[in-house]
Amino acid sequence: MLYSYRKATPDNPHPGRRIPHYLKTLPTLVSALGLGILAGVAYPVVSYQFRDIKLFSSSDSGLLSPAYYQSKAENSSSPVIINGLDYTKASNWFPGSIQNEFFSTNTPSTDSSSEDSSPDSYTLSIPSLGIINAQVAIRDEDLTKHLVQYPQTALPGQMGSPVIFGHSTLPQFFDPKKYTTIFSTLPKVKVGSDVFITYDGIEYTYRITKTFEVKPNELWVLSQDYSDKKLKIITCVPPGTTLRRLVVEGTLINN
């Protein structure tokens with residue numbers, strides 16, 4: 001058998017062996033795909049940081065719950081992030097709140113007129129976000145099964161503010177039928193949008209008046225101002241993180 005040898009040159013470093021064109025472009029395509037996925041995940045988080053969010057003024061007056069006074073005594077430094085904290089449990093969203101203990105005692109409201117026969121849940125709709133008849137649990141804290149009303153906050157239609165928690169994740173995974181993603185687009189809600197709550201057969205309409213952010217240790221956001229009928233809806237931000245809490249506040253316009 002005869003063999004022949006070809007001398008390698010700078011223009012042809014591998015004489016006699018040709019690499020298919022598609023193999024030459026494969027690393028570039030894989031790199032581009034990886035960068036695209038990374039950008040898709042990072043963009044919602046980074047872009048959220050540049051949004052103009054209205055800051056909440058703590059000068060509100062009225063009758064406040066003990067959570068307000070408790071928070072005033074706490075250090076205002078950034079909260080400690082604990083690895084492995086289960087955020088599917090609403091009691092972990094504001095660590096240190098004295099109201100968390102009421103999740104285990106199944107106490108739905110501070111209103112002394114409430115009876116044990118009162119409903120365990122009600123529905124919430126935000127048509128502008130495509131959220132229709134989402135279930136809100138009054139006693140259970142499992143956010144994978146429904147939205148959750150925070151303990152010792154007013155029931156819909158009462159003086160004070162129902163405080164409702166819901167999960168969020170990256171906006172591209174938003175599904176209004178899944179409670180693990182239901183509030184992923186809540187940062188996009190507009191002031192002036194309406195929120196409809198049906199409790200015990202009565203529909204209440206709340207109009208959104210402002211949005212703002214708080215840290216997990218700012219417990220005053222759970223406070224109850226019994227001079228008016230309002231609503232607070234809370235989720236985690238930036239999208240896909242648990243660093244801060246977005247609060248959407250509305251006022252009852254009819255019942």
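The values are calculated or read from the model by the stated rules, or taken from the named source; none is laboratory data. Bear in mind the structure is a predicted one, so any value in this text is a computation, not a measurement. Neighbour counts run over all protein chains shown; Cβ positions are idealised from the backbone, glycine included.
Evaluated against (1) touching a Pro at 6+ places or on another chain (Cβ under 8 Å); (2) under 16 Å from T88 (Cα atoms), I197 falls short on exactly one condition, (2). So is L155 among the hydrophobic types (A, V, I, L, M, F, W, C), assigned by TED's automatic domain parsing to the domain that holds P119, more than 22 Å from N92 (Cβ to Cβ) and more than 13 Å from the chain's Cα centre (by Cα) or not? In short, yes.
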